[in-house]
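The values are calculated or read from the model by the stated rules, or taken from the named source; none is laboratory data. The structure presented is a predicted model; accordingly, all values stated were derived computationally and were not measured. Cβ atoms come from the backbone with ideal geometry, glycine included; neighbour counts cover every protein chain shown.
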Amino acid sequence: MPVTSSVENESAVTAGLQHISGLEALNLLKAGAALVDVRPDYELNRLFDVDEVLYCPYDEIRNHVMDLPSDQVLIIADAVGLRSKEVAGFLMETGFTKIYNLAGGIVDWDRGGYPVTTDKTRMMTGSCMCMLRNRHKKP
């Protein structure tokens, strides 16, 4: 399924992997694509607020590759688009053909004004990484 863009050079193709903008991703999601969020659990306080999100941390994707729908368009996303690029490349190597990488991840998605939600039970606080703890208790 080719992605068309109304803005010149909005999407870029690198080694067969197509990097798409938030707008392109949103249009694909409205057409039935699924977003695969590969961020680790501790990064999941800001969430994509779309109909179909599958969560699988990037370091566990090899163990769960068979759980992903191979017949559906998949948009791979993370915080800024780096780990998702690696995961998308791996999925393409394993035979997935309908794979896109969300350029800029949730950071650019949020900046672009696309739908996000906040899970306050996952918000972290602490003066350094070794002291991080949940800010709010789960109900």
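Remarks
- Taken over region 51-84, the criterion of being of a type in the set (S, T, N, Q), at pLDDT 95 or above and either within 22 Å of PRO115 (Cα to Cα) or not in a helix (DSSP H, G or I) (or both) is satisfied by GLN72, SER84.
- Yes/no for VAL87 being in a loop (DSSP other than H, G, I, E, B), in contact with a helix residue (DSSP H, G or I) (Cβ under 7 Å, 6 or more places away or on another chain) and of a type in the set (Val, Ile, Thr): no
- Selection from region 51-78 of residues that are surrounded by fewer than 21 Cβ atoms within 10 Å (Cβ to Cβ), of a type in the set (A, V, I, L, M), within 21 Å of LEU26 (Cβ to Cβ) and out of contact with any Lys or Arg (no Cβ under 6 Å at 6 or more places or on another chain): VAL53, LEU54, LEU68
- Restricting attention to region 42-70, the residues that are free of Cβ contacts under 8 Å to residues at least 24 places away in the same chain and not aromatic (Phe, Trp, Tyr) add up to 12.
- Taking the criterion of being part of a loop (DSSP other than H, G, I, E, B) and surrounded by 15 or more Cβ atoms within 10 Å (Cβ to Cβ), the residues of region 13-39 that qualify are SER21, ALA33, VAL38, ARG39.
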